[in-house]
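Note sheet for the following structure.
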Ligand code: ATP
Ligand code: MG
Ligand code: MG
């Protein structure tokens, strides 16, 4: 029936309104909008957008929405948000948006399928899906031809048009590529390219009772958009022959023109103790094992963001992984280290007390206070200092006091001296217990000549320094401490029941205190001295009630 399309008719060139510059690299990030993006996607985003940026090309954001049942606008919105947050942009050098939807190409895909049928490259098979599967053969046995394989093209075309018109029920027939049932590559044994699905689509509505299979749709999407490098994960390596077969046929038929895209594969990113399968992540959400897609324990970009991860840290993490052709599992500590490396030079320092116990400076006057000073960031002198008041009644960490000191314990115990950081050296003089035998108060005397920053500061040598906050000035905060969500190092491996390995102690909430200078309106990330990196919870924290998430500890605690 002659040439259907001349040149590259793709929506990219139509919407962009100018011929594509073929000298330039064009990549795409093609998520299916059936869930929120996770760290594995971040790897793919950094790779695709990074290549385009490094080579002066463009990366498209394309929603691969050919699977109507599981897709939703909520996911589209969350993906757009996550890609932007990571710091990437899908506009080309002339500021034309390269955000596309596979569903916008349904008509092209349909027309191309008709062309394939007319040329004898596709046929309607009326076997049931089970029969087709049984006839596909195995790795060692060739497949068997369908009884419908050699039906006249006109018959297939008529049936295909009836399928499109909605005249046939789901599963009653399918369009298959006509390649080779004896191919050693099972993916070339006449793969199904269109199936009947009377399903509502979140964008195309009820316009289509048939939907293209991913393996058919994806190469066409790439070609229509003028993609040069179609980068996917290794499990699609066996699909590359079909990708190339389809490109070649559609080029012969004049549906597509050279240059055609090429597929390249790289290894999936797997992280220890982390699930990165959207299906499993969805299950965690729908079965309420977590509070939502953005639960700070989730490896989704929304969850990591809420937990306090920065886009820079995630990009740094992805860059450090490099691009590999062989599967490996990355230790979660690599991600944590990327955050520390990003925040250490810039994050405001603050003191927090997570498990408070009272400390009374018995020789300091009641009701009196003086101001101590500490650097906002010790690496950045321009950042200036922060102030916090010292007085008679303080909060310290319960763990910084022992009734009886074990070996090498240099903090508070009766008779011992420590420095209150940024303030005075104190000597512990006693403690008080409640009726249950729990220590509720520690007493100490301060040494007035030892104030930090004064000439006498070093007159008394001590081995330990502890953090503290003035009781009268401390701000209360709810602080959420997280541990890994799974206790198994490979929770998403094969047939493992991943839900059986959920860590029951993955979140611990404490009521603590933070120093008065901490300002959640001004900063969003802090390094709490000795405790780790923290961020205000974007959902639950308010000016009236601070809610903080620990993003990560200061040192790697995963190996232990
Ligand atoms: P999932 O199995 O979690 O559903 P997917 O690959 O089906 O993942 P898509 O939305 O199709 O999810 O993924 C969009 C892109 O992200 C694809 O190009 C895919 O290769 C890439 N991607 C997904 N997961 C990973 C991963 N763990 N490592 C690297 N790339 C990934
Ligand atoms: Mg996919
Ligand atoms: Mg998937």
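The values are calculated or read from the model by the stated rules, or taken from the named source; none is laboratory data. In this text the structure is predicted, and so the values were computed from the model without any measurement. Cβ sites come from the backbone with ideal geometry, for glycine too, and all protein chains shown count toward neighbours.
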Inside the stretch 61-87, the number of residues satisfying the requirement of being within 13 Å of the chain's Cα centre (by Cα) and crowded, with 19+ Cβ neighbours inside 10 Å is 5
Have a look at 358, 349 and point out the one that is assigned to a strand (DSSP E or B) and closer than 22 Å to residue 448 by Cα.
358
Would you be able to say whether some residue in the stretch 463-470 is touching a strand residue (DSSP E or B) at 6+ places or on another chain (Cβ under 9 Å) and closer than 20 Å to residue 297 by Cα?
no
Look through 173, 213 and report the one residue that is out of contact with any helix residue (DSSP H, G or I) (no Cβ under 9 Å at 6 or more places or on another chain), assigned by TED's automatic domain parsing to the domain that holds residue 238 and buried (at least 17 other Cβ atoms within 10 Å of the Cβ).
213
Residues in the stretch 28-55 that are within 11 Å of the chain's Cα centre (by Cα) and either outside any loop (DSSP other than H, G, I, E, B) or away from ligand 2 (no atom under 13 Å from the Cβ) (or both): how many?
9
When (1) closer than 21 Å to residue 101 by Cβ; (2) more than 15 Å from ligand 3 (Cβ to nearest atom) are applied to residue 64, the one that fails is (2)
Residue list for the stretch 361-397, restricted to those being surrounded by 16 or more Cβ atoms within 10 Å (Cβ to Cβ) and in a loop (DSSP other than H, G, I, E, B)
364, 376, 377, 392
Strands (runs of 3 or more DSSP E) wholly inside the stretch 398-452 containing at least 3 residues that are surrounded by fewer than 19 Cβ atoms within 10 Å (Cβ to Cβ):
425-433, 439-446
Residue 51, sole failed condition from (1) within 22 Å of residue 220 (Cα to Cα); (2) surrounded by 20 or more Cβ atoms within 10 Å (Cβ to Cβ):
(2)
Residues (assigned to a loop (DSSP other than H, G, I, E, B) and more than 29 Å from residue 425 (Cα to Cα)) located in the stretch 335-345:
none
Helices (runs of 4 or more DSSP H) contained entirely in the stretch 64-169, each with at least 2 residues that are more than 30 Å from residue 47 (Cβ to Cβ) and assigned by TED's automatic domain parsing to the domain that holds residue 33
106-118, 129-134, 153-164
